[in-house]
1. Mind giving me the nanometre distance, one decimal, between the label points for Ser213 and Glu67, set 7 Å out from Cα along Cα→Cβ?
2. Which sequence of Tyr203, Tyr212, Tyr28 reflects their accessible areas, 1.4 Å probe, from the largest down?
3. Give the ranking of Val30, Val14 by solvent-accessible surface, highest area first, calculated with a 1.4 Å probe.
4. Can you work out ³J(HN,Hα) from phi for every residue in region 143-159, in order, using Karplus 6.51 cos²θ - 1.76 cosθ + 1.60 and θ = phi - 60°, giving whole Hz and x for Gly and Pro?
5. Taking 0.36 nm per residue of separation and subtracting the Cα-Cα distance, what length does fully extending Ala84 through Arg118 add?
6. Between (i) 26, 24, 21; (ii) 37, 23, 17; (iii) 42, 25, 18, which entry matches semi-axes √(5λ) of the Cα gyration tensor in Å as derived from the coordinates of this structure?
7. With the crude spin-label approximation of a point 7 Å out along Cα→Cβ, what separation in nm comes out for Ser281 versus Lys164?
8. Less than 18 Å from a label point 7 Å out along the Cα-to-Cβ axis of Ser288: which backbone N atoms in region 194-213 qualify, by residue?
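The values are calculated or read from the model by the stated rules, or taken from the named source; none is laboratory data. Please read these numbers as outputs of a predicted model, since none were measured by experiment. FYI the Cβ positions are ideal-geometry reconstructions off the backbone, even for glycines, and counts take in every protein chain you see. These area figures cover heavy atoms from the full protein model, side chains too; ligands, DNA and RNA do not enter into them. Shrake-Rupley method; radii C 1.70, N 1.55, O 1.52, S 1.80 Å.
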Amino acid sequence: MSTTAQIGVTGLAVMGSNLARNFARNGYTVAVHNRTASRTHALVEEHGSEGDFIAAETAKEFVAALERPRRLVIMVKAGDPTDAVIQEFAPLLEPGDMIIDGGNAHFADTRRRERELREKGIHFVGTGISGGEEGALNGPSIMPGGSKESYDSLGPMLEKISAKAKDGAPCVTHVGADGAGHFVKMVHNGIEYADMQLIGEAYQLLRDVAGYSPAQIAEIFRTWNTGRLDSYLIEITAEVLSHVDAATGKPFVDVVVDQAEQKGTGRWTVQIALDLGVPVSGIAEASSPAPSPGTRRCARRPAASPGPRPRR
């Protein structure tokens, strides 16, 4: 096993762990680090057979394990936790090294962080990652921003671990400077909320107007998924609608609260669209905190059995 890592991942919750495993599966030696060292060692013990990992208990050990230029991926909660990790690691880095933020950060925060680190000679790469937990492990769509120099070093690695289109093209491109990657991910999420709004309204029409059962609607969605509407959201909707709650024997959608919130990216999309004078009424409707009239939305009651999780 190599004693130096081509890339490192700090923040080993499910997304971070799966991304680290994805890099390792594709032949890279990966340094892994977490604030709680036990999680770091658990990852290596459980998945060490998938590739080469270097477990680091401290920030200094983590940085020392990385080859130059150092590529350090942050997979922590957006906002203050991201700033805290940057403040911990930036003093240990040198000019030419890079910090890659793979969280759902607000693009304005990314622009600020990129500007501050650029003054120290450190590249900051705000990177949107789409595909959820499964995508992080098996191939996500990746939207990196930042400098061209950072992409020249990092891009080939991202292209290798990314999802591939039907023609084999990697689902990753250098989106643009500073906060461009997180801006595109924000709009991507906003569009996805609008898609879910349309799916919810289609379900409500089929259920309450046409009188179909959830199982019958599931079959309709499966049919749609074989045609032009072929997509993850249509596929997962069919799975959810066909799921039966083990405790009650009822359709899963009938034993959950008719309400859901959103993570903030949809709201950010609406806000910046207002600033730019761009109409996004569908995204605004989907991003409102309360259910729209006539639209069913689902949020799990604590007692409900588990079903497929939304992809993010």
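1. 5.9 nm
2. In descending accessible area the options line up as Tyr212, Tyr28, Tyr203.
3. Val14, Val30
4. These are the phi-based 3J(HN,Hα) values: 10, x, x, x, 6, 5, 4, 5, 5, 4, 8, 8, x, x, 6, 5, 5 Hz.
5. 10.5 nm
6. Only one listed value fits the structure, namely (ii).
7. The answer from the label model is 4.3 nm.
8. 194-205
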